[in-house]
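Comments concern the structure below.
Taken together, the values in this text are just the output of simple stated rules run on the coordinates, not laboratory data. Source: prediction; values computed, not measured. So basically every Cβ, Gly included, is an ideal-geometry build from the backbone, and we count neighbours across all protein chains shown.
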């Protein structure tokens, strides 16, 4: 496993920042780096530069180790999640993930080899192997981006800072059921799989008469997850909003009963609200009604948190972390995608990756560094700087900049 000092072809950049501040004992943090597909390498270049400089504020030095994944890894190493990359990610324990996937390759190579589609192969494997149960997706409303929101101005109160801290249950549910049950001989269900149409995703051909997913939750996993969500809500002084479909689905009736019990017995000081997923979807357009820490299942959390990001501004601003609450292993991945159609054009918005880098620094104990990044992003937006996706037409005072320049602007304000 070698330390990376240049990871972007044709535009090398020293990712290890070794400028030491006087009288501070510097601590080295090893990070597995997935530069990713499409425009992700451009965005990750900016994010790594910003995180490295900010880390110095807390006496930190970041050592990034390249761990290729995605279609770029397939073309160079023959796999969208090479064994060596997976082993290094697990060993290092902290992954900065730039995003993988490209429709062009998904629909060609992926059609012939569906097991290689990187969003399922790389992301689901990493979540499973690293035990990443808690997916934190804080939705931040920036008044500077008000023109981009899909919410009426009267539904955004001027006297209240809206916080939606989505914590998605990242394991089990329908995303892992078939894989977990069909491949585990202890459950003895493989013989019945054909009868109920259960199969792994890569086996689906579209000609079947019946296909089904096994969706499940375990008591001990829900309890571990919901305790972490309640604890986070208590620390932030926010209510906990638990989203389910208890009026129809057995697993969500189970979910609601466990959440209610844990709340009453262990967190009576935290205000708990149960919200059905369909009505929660409608509340996206009155975001103050979802003000709090929001607990939701794997599938619901994936869909709703993306909607929340779009409702409040832009997917390009989304930051995200996935945490193992037992070991501290973590993966940090923006929800903004890979933007393959503008790859190499210096147009992609790096702010989601940069804010995700702040989450990574905070997880590693560098709170001052994380605060400085978040403050710098706000300052740059207040000054009117935007990448093209954030720039409304004909708005006075807006200055459109590229990916690299946006990173430079943040760097200058740390």
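Quick notes on this structure:
- A convex hull fitted to the Cα coordinates of segment 134-256 yields 182 cubic angstrom per residue.
- Over the chain, the fraction of Cα-Cα pairs per 20 Å bin, rounded to whole percents and listed from the shortest bin up, is 25, 58, 16, 0.
- Sorting 110-120, 303-313 by average packing, meaning the other beta carbons within 10 Å per residue, from highest down gives 303-313, 110-120.
- Dividing the alpha-carbon radius of gyration of segment 34-132 by the rule-of-thumb value 2.2 N^0.38 Å gives 1.14.
- Residue 111/residue 212 FRET efficiency (R0 30 Å; Cβ-Cβ; nearest 0.05): 0.85
- All alpha carbon pair distances within segment 296-414 were sorted into 5 Å bins beginning at 0; the resulting P(r) in whole percents reads 2, 11, 17, 22, 21, 15, 8, 3, 1, 0, 0.
- Placing dummy labels 7 Å off each Cα toward the beta-carbon, the span from residue 399 to residue 371 is 2.7 nm.
- Proxy reagent accessibility, fewest Cβ within 10 Å first, across 274, 192: 192, 274
- Segment residue 273-residue 128, length gained on full extension (0.36 nm per residue, minus Cα span): 49.3 nm
- Normalised alpha carbon radius of gyration of segment 174-216 [divisor 2.2 N^0.38 Å]: 1.07
- Here residue 412 and residue 152 are evaluated by their C-beta separation; at R0 = 30 Å the FRET efficiency comes out at 0.25.
- When only Cα pairs below 8 angstrom with a gap of at least 6 residues are kept, segment 222-320 shows a relative contact order of 32 percent.
- Between residue 26 and residue 261, the simple label model (points 7 Å from Cα in the Cβ direction) yields a spacing of 5.2 nm.
- Length gained when the stretch residue 63-residue 250 is fully extended (0.36 nm per residue, less Cα-Cα span): 62.7 nm
- Taking the fewest neighbouring Cβ atoms within 10 Å as the starting point, the ordered list for 342, 161, 241 is 161, 342, 241.
- D (Stokes-Einstein, µm²/s), Kirkwood Cα radius, segment 149-202, 0.890 mPa s at 25 °C: 162
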